[in-house]
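> Sharing a structure, written as structure tokens. Questions coming.
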Amino acid sequence: MHDFHYSGSELFCEAVAIRSLVEKYGTPLYVYSQSTLTDHFQKLDRSLSTLDHMVCYAMKANSNQAVMRTLADLGAGFDVVSEGELRRVIAAGGDPRKCVFAGVGKTEAEIEFALKHGIYSFNVESEPELARINAVAARMKKRAPVAVRVNPNVDAGTHAKITTGTYENKFGIAYEKVEGVYSRASKLKNINLRGIQMHIGSQLTDVKPFERAVAKIAPLVSKLASRYGFEFISIGGGIGIVYEPALESGEINWWKTTAARKILTPSVYATTLVPMLQPLGLRVLLEPGRFIVGNAGILVTRVEYVKRTGRKNFVIVDAAMNDLIRPAFYDSYHQIVPVAAKGGARIPSDVVGPICESGDYFAKDRPLPKVGEGDCLALLSAGAYGSVMGSNYNTRGLAAEVLVHGKQSALVRRRQSLDDIWKLESLPEWFR
Ligand SMILES: *Cc1c(COP(=O)(O)O)cnc(C)c1O
């Protein structure tokens, strides 16, 4: 569900007309709905209410501080993957003690910073990393809380670029080796074996892979938990969202009218997994990113040109792959709707950006109402892995971001100026 809807022929986010935001802030523009963020967080949080649990939002999906603050105020912890992200948690008013630190390449400086701020756990991806964390902690006269990331070798059945839980991936420690790793880790003086972790992939729309992975590791977890006195198990993130409604009808509030093609709800997720996790008697951590923020954001763009070549109708817009790379990177689908609804026949259209790459497209042969220069379009479900993957390719500034809360709206990231883009560069003195 989300809080974007039409009122009359106008697209709204909560009680704010998108058109008014475009007039005020220009395009390309990311718009986030605070009520949607809140709703998604609470649905998941409440589905686990029978367990001691903590939801650590995977902030790599969207690390705008206003988004993070919304979640921190609801009690969220954070899954961070760099010192930069941990510093952002602190800047946004989040609690480092509710943070888990993931990633295969943690540097000494990052480990030191995280230890200094008392993070909840390092999710460890290799033995050399364990040795490094132990050494840094020894130097700081601390004990570092860690969980080993188990790779359960379960195929999440999702896109190759977002599958992480098989032995083909760089992530985690092979299931068969985990027991030995814990045994060696238990001899490291400055390591506190606080728990165990897994994360099998992203955009899972079926509960089965989660079920298989939890079933596979549960006996091992149970054995290790009593041996080493674990406090928690993290079952990672990866809950998928609806990108493509069942019918290409222009319907954006799909949950009201059509059965979504495939949907993994918090209740299905919890009904399946809670009974499997409960007997472990551990605190359960979740690391959802996309589920919380994916459908809570849209990217608004303006039509620059409509161009017909051969049999194709190209709608050239002012947003590009530097603003939203998902279609180019993951072949992903984003529903595209006009900001001012239009009737009439639908024309198969390619929606493309101005960047000099054939990969710079948002949709191919998509039936769209007839649009013309100056019309605005919204790319839905752009809240996760959208703005955060923005770049300056083609010397284009990063898009502005707005948060909507009821009737209120606020700029939560200003548009990057062109000077901002090249201010880190300098010419060598021999050119002067
Ligand atoms: C990316 C990531 C997540 C979040 O994945 P989503 O699909 O956005 O929920 C959680 N945990 C880890 C370790 C990750 O790398």
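> I'd like the Karplus ³J(HN,Hα) series for the range 418-423: coefficients 6.51, -1.76, 1.60, θ = phi - 60°, whole numbers in Hz, and an x wherever there's a Gly or Pro.
Coupling constants for the range 418-423: 5, 4, 4, 5, 9, 6 Hz.
> Determine the distance separating the Cα centre of the range 287-334 from the Cα centre of the range 158-178; give it in Å without decimals.
The range 287-334 and the range 158-178 have Cα centres separated by 29 Å.
> Related question: Grab the other residues whose beta carbon is less than 14 angstrom from that of Gly297, score K and R as +1, D and E as -1, and report the net.
On the way: positive: Arg290, Arg326, Arg413; negative: Asp3, Glu14, Asp39, Asp323, Glu401.
Within the 14 Å Cβ shell, the charges total -2.
> Using amide H atoms built in the peptide plane, which far-off residues or other-chain residues are under 5 Å from Leu285 H to H?
Distant-sequence amide H within range of Leu285: Met54, Ile233, Ser234, Ile235.
> Would you rank Ile347, Ile196 by solvent-accessible area, highest first, keeping every protein chain in place and using a 1.4 Å probe?
On the way: Ile347 50, Ile196 0 Å².
Largest accessible area first, the residues go Ile347, Ile196.
> How long are the semi-axes of the ellipsoid equivalent to the range 296-421, from square roots of 5 times the Cα gyration tensor eigenvalues, in whole Å, largest first? Present the calculation step by step, with values, prior to reporting the outcome.
Values: eigenvalues 111, 66, 36 Å².
So the equivalent ellipsoid measures 24, 18, 13 Å along its semi-axes.
> In deg cm²/dmol and to the nearest 500, what is the mean residue ellipticity at 222 nm of the chain if only DSSP H runs of at least 4 residues count, each as -39500 (n - 2.57), divided by the residue total?
Values: 13 runs with 121 residues, N = 432.
Mean residue ellipticity at 222 nm (helix-derived): -8000 deg cm²/dmol.
> Scan around Phe122 for amide H atoms under 5 Å from its own, H built in the peptide plane at 1.01 Å from N, and keep only partners 5 or more places away or cross-chain.
Residues meeting the amide H criterion: Phe101, Val146, Ala147.
> If you roll a 1.4 angstrom probe over the protein chains with everything in place, what fraction of the accessible area of the chain belongs to carbon and sulfur, to the nearest %? Don't skip to the answer; put the middle values down first.
Working: 9520 of 18480 Å².
Solvent-exposed carbon and sulfur of the chain make up 52 percent of the total.
> Then there's this: Test of the criteria: in the range 359-432, which GluC sites (Glu not before Pro) are in a DSSP loop and have at most 13 other Cβ atoms within 10 angstrom of their Cβ? List each step's numbers first, then the result.
Numbers: sites: Glu373, Glu401, Glu425, Glu429; in loops: Glu373, Glu425.
Here the GluC sites (Glu not before Pro) that fit, given the DSSP loop and packing criteria, are Glu373, Glu425.
> Would you list which lysines come within 18 Å of Lys177, measuring only between C-alpha atoms, while excluding same-chain residues fewer than 8 positions from it?
Counting by Cα, and skipping residues close in sequence, Lys177 has these lysines nearby: Lys187, Lys216, Lys223.
> Tell me, how many Å apart are the Cα centres for the range 219-235 and for the range 335-400?
About 47 Å separates the Cα centre of the range 219-235 from the one of the range 335-400.
> Still on this structure, please answer the following. Considering only Leu86, Leu204, Leu74, give the residue with the highest GNM mean-square fluctuation for the chain, with springs between Cα atoms whenever their separation is below 10 Å.
In the Gaussian network model the winner is Leu74.
> As a test, work out the antiparallel percent of DSSP beta bridges whose residues both lie in the chain, rounded to the nearest 5. All intermediate terms of the calculation are to be shown ahead of the outcome.
Numbers: 36 of 73 bridges.
If I count the DSSP bridges inside the chain, around 50 percent turn out antiparallel.
> When Lys and Arg each count +1 and Asp and Glu each count -1, what net charge do the other residues less than 13 Å away from Asp318, Cβ to Cβ, add up to? Mind dumping the intermediate values first?
Values: positive: Arg302, Arg396, Arg415; negative: Glu304, Asp323, Asp360, Glu373, Asp375.
Within the 13 Å Cβ shell, the charges total -2.
> Just tell me which lysines come within less than 21 Å, Cα to Cα, of Lys24; anything on the same chain fewer than 8 places away is out.
The qualifying lysines are Lys407.
> Shifting gears a bit: Under 5 Å between amide hydrogens, which residues at least 5 positions from Asn151 or on another chain qualify, with H placed 1.01 Å from N in the peptide plane?
Excluding prolines and chain starts, which carry no amide H, the hits are Ile173, Ala174, Tyr175.
> Taking only protein heavy atoms and a 1.4 Å probe, what accessible area per residue, in Å², does the chain have with all protein chains in place? Working shown, then result.
Details: 18480 Å² over 432 residues.
I get 43 Å² per residue for the chain.
> Regarding the chain, what's the average projected area of the Cα-atom convex hull, expressed in nm²? All intermediate terms of the calculation are to be shown ahead of the outcome.
Working: hull surface 94.7 nm².
Mean projected area of the Cα convex hull: 23.7 nm².
The values are calculated or read from the model by the stated rules, or taken from the named source; none is laboratory data. Fair warning: this is a prediction, and the values are worked out from it, not measured in the lab. All Cβ positions, glycine included, derive from the backbone under ideal geometry; neighbour counts span all protein chains shown. Accessible surface areas use protein heavy atoms only, side chains included; no ligands, DNA or RNA. Shrake-Rupley method; radii C 1.70, N 1.55, O 1.52, S 1.80 Å.
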